[in-house]
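First comes the structure, then the notes that go with it.
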Amino acid sequence: MKKNIFVVKTWLFMLCPCVIAGVTSCKKDIHNGTKQPAVNSVASHLNTTSTNADLIAYKNSAHQLMVGYYRTWGDKTVSGDVNGPAMTDMPDSVDIISNFTDYTPPSSPYWPALKNTYIPALHAKGTKIVNTQGLPNTTSDTSYTNHYTNNSTGYAAWALATYNSYNAMGYDGIDLDVESIPSGATLTADVGLMSALSQYFGPKATTGKLLILDTNEDGTSSFFRQVSTFISYLYQQAYWRQTSSLTGTFNTYSAYIRPNQFIPIVDFEDGSGDGQNSSYVYNPVQIYQYASWQPTQGTKGGVGSYGIDNEYYQIANGVHNIYTRHAIQMMNPPQTTSSTNAVSLSSGKISAGDVTQLKSASAFTLESWVYFNAIGSWNNILAKSNTSTDRIAIQTGGGDNSLYVILGNGSNSYGYTTANAVAAGQWYHVAVVFDGTQSSNASKLKLYINGTLQTLTFSGTIPSSTSSTNTAAFLAGSETTTSTNTYLSGKIDEIRVWNAALSQSTISAWMNKSLGTCHPNASNLKLYWQLDNAASNTAAVASLGTTYAGTITNGVYTASTQASTASGCP
């Protein structure tokens, strides 16, 4: 975070929750407090409310997160501005709020409000609250050296004291600000402190507490590489940058963390992230660009802001934090449901006949949403199978909940995931991309689950094109028209066939939206079954100008809250 003043060292008071709440990292060098209210029409539709149950269900679902650093001195209990924000005024759909401290002494009324009012109210909405601080210098910070030794025993004692203080305050985790690359003895100590913390925070702990690393460095740091398995999320301080630079930054991390752990952060304190600073002009505003961006490896964790309390003053039609709210909706479009928006299959299938664009094809993409009532062996999601060596299929594995992608042109060649890639009782978006112009199996045939590229193990050599003799019907829910043991047990929705290899970013951006003519590959769409609002339980209507209608056998339309009927086009 371009924070370069000083570190507030309160380690001496580690056991006092009201004081540990005040531990912070070095703060930003801009202290303009709050901006004057501004009105913008971009989010006039965002004045909506949800029940706490709805919010908790949303936050427990797979989605891109919105996170924000809430500056304590921006709170009305500290600023004295009766028109200013309280932490509970932040948008309900924000997932994680980082308490960021300065100008707020232990005697401030902010601390009892945080513990007794803000945190319980936000927890009721499913919002997590973490506290931001730095790592102590184990040789020069007297607040550490007076109480702990500079070895593993001291690190463990410090980590336990930190956990106890955080737990007493009600925090859901710790956000560690690291804005330099440690080396030598400092590196050893910092890794030791992180390792000790990982017993109580992060994915290795059993407490459920988050361990977040926020940094302006990249994945080449030895410190990051040694602690990467300890962290829940990585917040990248990506202020004042072009969106295209995020791809290179994440590439330095990609061998160590998943895309959905990576969250780029913009700056609302100086206005560069929400279009309020004329020195930093982004069109559209930076947080919208970051909301739209995806790593090439899969769907990002979300986006966030420093100074979310300051963005409270960006108002439209009486609604505050309009840029935060709109970015949330960009990443997680509202999903409109109807009484008939998925097909439930019971020993059934949907057949399109011979989709000729899948013959002699050097590229294609197949997409579908699928829900498994139960998972058996070799249950098919999508298939066009002539023989065992002349077929295209996406199917479950042999009883281990893996997924297989089969592409045979004269031989039985395929790739498959590790076990437990899918589970019963959940919706998944699956996409298979074939590009026969590539050289390796992994480059030719790719499988994405919920937008994330899967690592496949291959058998045989994936061909450079599909068979010219495969005249079998294209099916959803089964592999052949006569098979009795390969049926999908579950629901299926939004089936798409393209005669092009779609990019991962395009798949991720559109998997939660219904298609429109603004889609970048609209001209390549050859089959599209929305499976919404059909007049007959036997018909899958061809949508968006495609011509392959489907016939449903042993299936019924049923209500579903998964795939959206909201168009991806304006």
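Structure values in brief
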item	result
Dipole-positive endmost among ALA121, TRP510, THR243 within the chain (Cβ charges, Cα centre)	TRP510
Under 15 Å from the Cα of LYS125 - aspartates and glutamates, other chains or at least 8 residues apart	ASP54, ASP89, ASP92, ASP95, ASP172
Dipole axis of the chain (+1 Lys, Arg; -1 Asp, Glu on Cβ), positive-most option in SER222, ALA161, TYR253	TYR253
The chain - Rg and Dmax from Cα coordinates, angstrom	26.0, 79
Dipole in debye (nearest 20) - the stretch 342-558, about Cα centre, beta carbon charges: Lys, Arg +1; Asp, Glu -1	160 debye
Average Cα contact separation per residue, the stretch 179-280, under 8 Å, 6 or more apart, as relative contact order %	23 percent
Dipole moment magnitude, nearest 20 debye, the chain about Cα centre, only Lys, Arg, Asp, Glu C-beta charged	740 debye
Antiparallel bridges, percent of DSSP beta bridges restricted to the chain (to nearest 5)	65 percent
Which of TYR290, THR51, ALA500, positive extreme of dipole for the chain (C-beta unit charges)	ALA500
Cα long-axis angle, helix 322-331 against the chain (0 to 90 degrees, to the nearest 10)	30 degrees
Whole-angstrom gap from the stretch 246-325 to the stretch 74-101, using each part's C-alpha centre	18 Å
Of LYS59/LYS349; LYS128/LYS491; LYS76/LYS513; LYS444/LYS526; LYS59/LYS384; LYS76/LYS204, pairs whose Cα-Cα distance is over 28 Å	LYS59/LYS349; LYS128/LYS491; LYS76/LYS513; LYS59/LYS384; LYS76/LYS204
Helix-only mean residue ellipticity at 222 nm for the chain, each DSSP H run of n ≥ 4 adding -39500 (n - 2.57), per residue, nearest 500	-5000 deg cm²/dmol
In degrees, nearest ten, helix 184-197 long axis to first principal axis of the chain (Cα)	70 degrees
Residue-span extension gain [ALA168 to ASN150] - 0.36 nm each, minus C-alpha spacing	3.9 nm
Percentage relative contact order, the chain, counting C-alpha pairs under 8 Å, at least six apart	14 percent
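Every number in this text was worked out from the coordinates using simple rules, so none of it is lab data. Remember, predicted model here, so these are calculated numbers, not experimental data. With ideal geometry, Cβ positions are generated from the backbone for all residues, glycine too; neighbour counts draw on all protein chains shown.
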